[in-house]
Amino acid sequence: MAPASAITIQPVTRPIRGAIRPPGSKSITNRALVCAALAKGTSTLSGALDSEDTQVMIECLRKLGISVESRDEGQTLIVQGCDGKIPAASADLFVGNSGTTIRFLTTICALGHGTYRLDGVERMRQRPIGDLLDALNQLGEDCRSELQNGFPPIIVNASGLRGGQLNVRGEISSQFLSGLLMAAPYSLTDIHIRVEGELVSVPYVGMTQNVMEAFGTKISAMSRYASVAIPARQTYQARTYAIEPDASAASYFWAAAAITGGEVTVEGLKIPSIQGDVWFVDLLERMGCEVTECSAGITVVGRDLHGIEIDMNSISDTVQTLAAVALFAEGPTTIRGVGHIRHKETDRIGDLARELRKFGAVVDELPDGLKIMPPADIRQRRDITVETYNDHRMAMSLALPGLAIPGVTIVNPGCTAKTYPRFFEDLKSLVDGS
């Protein structure tokens, strides 16, 4: 059956009340896949996410000669590690629109001996990677943009990772640093990294370090990863590794409680978590919601909402979710520190502002974010069609106002397959169970 070209969200007749467990974290799944692929021995990953982003990572690892067996509808992955020795001498890797895949595997390919090409969809060819190539080339590697423009396709002519000192810019994506960190234990000599400028999305680098350490390697970081040292000739050790639910996905259900004045528990997540996005609940609490923890997970209870001013640099994947909640708040909400999200799956500042205006909001684009003034009659709005720009987070976030406004239609809902293929089914199940 062909996927629907659009879906209209049915508004609720009462506040949502219930519990849900989102699928495994995409970010943790892809990091664990890389560490398990490089490890010595066979690893078992449980609770993994089965989505486009993880599927392209798995397929690329297989093309590099690494065995990955999928069980339990993709939730269990059996990975035969290569002990840091990339089996394939050449590979043509298609990464779709997965930023984690191309940025992580560019550095992993540098460990090999041969020529590797990495490419993706048209949008991927608009997502910058030149800073990562420059960083690798400082170590004597031969990595280049095929079109010589700092964007994919990428060619890696590899002869092993030599080690040494390098600088990498931090203001475009933390994935550059994360990719370098995961490959670094297998370098011939120690690697010392200095991050130039402000590092965005710092918690995601913390996640990388956490997963690396779970697989048995160590790094030394200073000043929120402004300087990092990684000893050479370390080895990831195979293990059984449990992946927790996706905190970015959880944000949509907590936001649903906020918008409908309901009560939603997301199971399987705790504070603190290795996922920075779990702190989204702190923002909802500042907007007026009640947040509690229990043995099952984290619960958000919706209350009267008011706008806030917040720097979301550390949890920028939840900007669109907060923007959806801001439509229902009293007073403006200002989001700062997220200029880098213009380089994501879509321009998540400009395109988000365009869609929010359809709901009657007055939205000012800022150099590093946006200011949202919600309309006074938000709950009287009707029949709004939301473009998604093939961005999974646009689709999931801007579906949420449809729980309170009749006739909100999401174009291309299938784009959620990138990280959450069953999002609309799970949202409906939560609503129907209320």
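Observations, loosely collected:
- Projecting the Cα atoms of Gly268, Thr299, Leu136 onto the charge dipole of the chain, computed from C-beta unit charges around the Cα centre, puts Leu136 farthest toward the positive end.
- Counting 0.36 nm for each residue step from Ala229 to Asn137 and taking away their Cα separation leaves a gain of 31.3 nm.
- Positive-end extreme of charge dipole, the chain - chosen from Ser248, Ile7, Gly47 (charges on Cβ): Gly47
- Extreme residue, positive dipole direction of the chain, given options Ile154, Phe423, Thr388 (C-beta unit charges): Ile154
- For the stretch 164-282, the relative contact order comes to 24 percent (Cα pairs under 8 Å, sequence separation of at least 6).
- Over the chain: helical MRE at 222 nm, DSSP H runs n ≥ 4 each giving -39500 (n - 2.57), nearest 500: -8000 deg cm²/dmol
- For the stretch 26-242: rounded, prolate or oblate by the Cα gyration tensor [a/c cutoff 1.5]: rounded
- Sequence of Val325, Val264, Val56, Val411 once ranked by neighbouring C-beta atoms within 10 Å, starting from the fewest: Val411, Val56, Val264, Val325
- Per principal axis, descending, Cα span of the chain in whole Å: 63, 44, 43
- About its Cα centre, the stretch 355-396 has a charge dipole of approximately 240 debye under the convention of +1 per Lys or Arg Cβ and -1 per Asp or Glu Cβ, with nothing else charged.
- Evaluated with a Cβ-only charge set (Lys, Arg +1; Asp, Glu -1), the chain carries a dipole of roughly 480 debye about its Cα centre, given to the nearest 20.
- Under the convention that each Lys and Arg Cβ holds +1 and each Asp and Glu Cβ holds -1, the size of the dipole of the stretch 26-242 around its Cα centre is about 420 debye.
Since every read-out is calculated from the coordinates, none of them should be taken as a lab result. These figures come from a predicted structure and were not determined experimentally. No Cβ is skipped: glycine too gets one built from the backbone with ideal geometry, and neighbour counts run over all protein chains shown.
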